[in-house]
Structures are given as C-alpha cells and as structure tokens.
Amino acid sequence: MTDYRAEVADLVNIVVREGASDLHLSAGRHPMIRVAGNLIPLVKKPVLTKEDPLGILDVILSTELKKEFLAEQEVDFSYEHEKSTRFRGNAFFQKGVAGIALRVIPNEIKTIADLRLPKIIETFARRKQGFFLVVGPVGQGKSTTLAAMIELINNERAEHIVTIEDPVEYIFKEDRSVIDQREVGIDTKDFHSALLSAFRQDVDVIMIGEMRGPETMSAAVTAAETGHLVLSTLHTNNAAQTIDRIIDSFPAEQQSQIRVQLAGSLIAIFSQRLVPKVAGGLVPAYELLINNNAVSSLIREGRTHEINIVIETGLEQGMIDMNRSLAELVRRGEITVENAFLHSFNPKSLEKLI
C-alpha cells in the first residue's frame, strides 16, 4: 500500500528543489512539473494509477473539501505542506478519474521593483479610492502583482485591508495595516456576500481575488465610487476586452449606468504576460491603460474599440503598449523575436517595431 503522505512530501521536495511553479498529477501519466513555463515529466516517478490522485487528495484535502469534491466533481483549495510550502490547487475529474493541478505560492511577497513591473504601479497602490484591475490568462502573475500592491500599502500606511479570495493565496504579515483575509467557502459564502459585508467593516482597501459575475462587479464598482480602493483581476486579454467584458456581463438596460460608473471610478487596467527569457526564467511584458478624460469619454460613449489607439499614443501620460514592451525586451536580448510575436495582441503592428 502506497504511503501517500510520504509521496506528497517527496513531490513537494522536488517542486522546491527544481524551482517549479506547478505540479500536475493525473492517472496514466508520470507526475509533471512546470519549470520556467515548460512542462517536464518526472520519469523517475512511476506512472500514476487511478487510485493515486485520490490517495493524494485524501492527504491534502479537509473532510469538508473531500465531500465537496466528490459531490461537485471539482474543487478549488489551498494546501500548506509542513508550514513551509503553500499551494493553490484544483482537483477535477477527467475520463472518470481524478486529476490534480497545484500551483506554488511563494512565501516571500516580492516588491513591484523585484517583479520588474513599471514603477507607476506604486502610484496606483497609493491612491485612496478607485478601481484597479490586473488582467491576463491564468498563470501570468496577476495574484503576485496584487500581492505586491497590498504589501506596499501594508508597509506604508495604516489602512484596514480586506482580501476576498478563493482560495487565500499569499499570507500577509501585518505591518502598519490591519489585514483580514477571507476565503470563499470557509470564511464567507461567496465573493458578493463578502463584498457587501466589507462595507460594514470600516474597510479602506478591498482586494477581490477574481471578479465573478455582474453582482460582484457592480458591488466592486460601487465600492470604488464610495471612497474605497478596490483591486481585482479578470481573465481577459487586454484593456479594451476587459471593459467590454464588464459591460456585457450586465443586462442591456443596466449597461449605460455601469458605463458611467466605470468611467468615473476606474484608475487603470494592467495586462501582463510572463514571457520565457533567453537566459532561462520568465520576464513580464505588459500593457497599461490609465483612465484619463479621453478614456473616460470612450467608456461612457461605448467606443471601446478606440482604446487601443489611446494606449499607443499615450506614452507621455504613462500608458504602455504591449508591443512596445515586447519590442524593448527583444532589443535588450531578453526574449526571442518568436516569443514576442507569440505574446503580441497585434503581430502586424509589432513587425514595425522590431
């Protein structure tokens, strides 16, 4: 009989030793880790049987989450191994057998400078109110960017910060701020309920792990309008698509109202990608839309298709175009031309810059 507790410990040690970002466990395959963006099979480990993922879940999930997994056939969770290594996880079924995806959550919260993000992000963290969004596909460092912003606030000023996450990822140590971290399914029923509750908690800064549904979006925009700094993420590609996604999630009769609210409360939208470096590892490329008078008018008037032009021509105001960011990384020899084109929103336009 397999000792799954020992097996989990061994797999965690490999993840830490190899500097992996993710661990994948599915029946019929060797365990796999992702290092610097590349999936690598652990061929010295045996191919997993259909019982193995369930045995591992028996070690890493609470009794309540095990019940939820079997009832819903998928579950999000966080797992801490011996108070040293933390993971954000998802368990699921595929072809009738269980699978597990685990992402490492670094213990150290890096600064905006450490992450090689633009310094202007610090000024957004210093705002007292408004709505700031970090967007991009899964696994592009959105949560890490928000954590760096929260840590900057925590270190610089006395605020009441409430995070609403599913699951809780980075664990913050209180410095000058009071920080309450609420996990959906454990500390609160859902994002919307926790957000409404935050209004009654004398909160200054709200970090919402992910915008889910129009109710949460509406409450977040209202919070930003009423004197709170709201930070959140969305799984969208760029600024223009993000605004459309938010607006389109509402019924037609509410869309003009949410346009007005968003135009007034939005601070900026930051889209980021982690691109493989020539020398190994990953480096961020990014787009930044800052909400100025021109952008606010475009949002109100439903002319979001013009936002990309504003970003391209808004360099002097601090805006950043993704293609310029990628081209600069190519010029510095940090990424290949091929990877620049793979991560570009507009490859034809990138051709002119490289």
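Every read-out reported here was derived from the displayed coordinates using simple, explicitly stated rules and does not represent laboratory data. Computed from a predicted model, the values in this text were never measured in an experiment. FYI the Cβ positions are ideal-geometry reconstructions off the backbone, even for glycines, and counts take in every protein chain you see.
Per-structure values
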quantity: Volume per residue that the Cα convex hull of the chain spans, once the total is divided by residue count, Å³; calculated: 154
quantity: With Cα atoms, 0 to 90° folded angle of helix 51-60 axis to the chain main axis; calculated: 70
quantity: If the convex hull is drawn through the Cα atoms of segment 4-105, its volume per residue in Å³; calculated: 95
quantity: Cα gyration tensor of segment 231-354 - equivalent ellipsoid semi-axes, whole Å, descending; calculated: 30, 14, 12
quantity: Protection proxy ranking, peptides 230-242, 182-194, 113-125, average beta carbon neighbours within 10 Å, highest first; calculated: 230-242, 182-194, 113-125
quantity: Difference of contour (0.36 nm per residue) and Cα-Cα distance, VAL43 to VAL138; calculated: 31.6 nm
quantity: Relative contact order, percent, the chain [alpha-carbon distance under 8 Å, six or more residues apart]; calculated: 13
quantity: Alpha-carbon centroid distance for the pair segment 103-124 / segment 221-299, whole angstrom; calculated: 19
quantity: Principal-axis tilt of helix 213-225 within the chain, Cα atoms, nearest 10 degrees; calculated: 50
quantity: For the chain, size of Cβ-based charge dipole, Lys and Arg +1, Asp and Glu -1, in debye; calculated: 820
quantity: Inter-site label distance for GLU108 and ARG200 at 7 Å from Cα along Cβ, in nm; calculated: 4.2
quantity: Gain in span if fully extended, LYS189 to THR336, counting 0.36 nm per residue against the direct Cα distance; calculated: 48.4 nm
quantity: Label-point gap, in nm, between GLU351 and VAL59 - each point 7 angstrom along Cα→Cβ; calculated: 5.3
quantity: Between segment 180-212 and segment 13-39, the alpha-carbon center distance in angstrom; calculated: 32
quantity: Using a Förster distance of 22 Å, the FRET efficiency for GLU82-HIS160 (Cβ separation, nearest 0.05); calculated: 0.10
quantity: Relative contact order [Cα under 8 Å, 6+ residues apart], segment 4-105, whole percent; calculated: 25
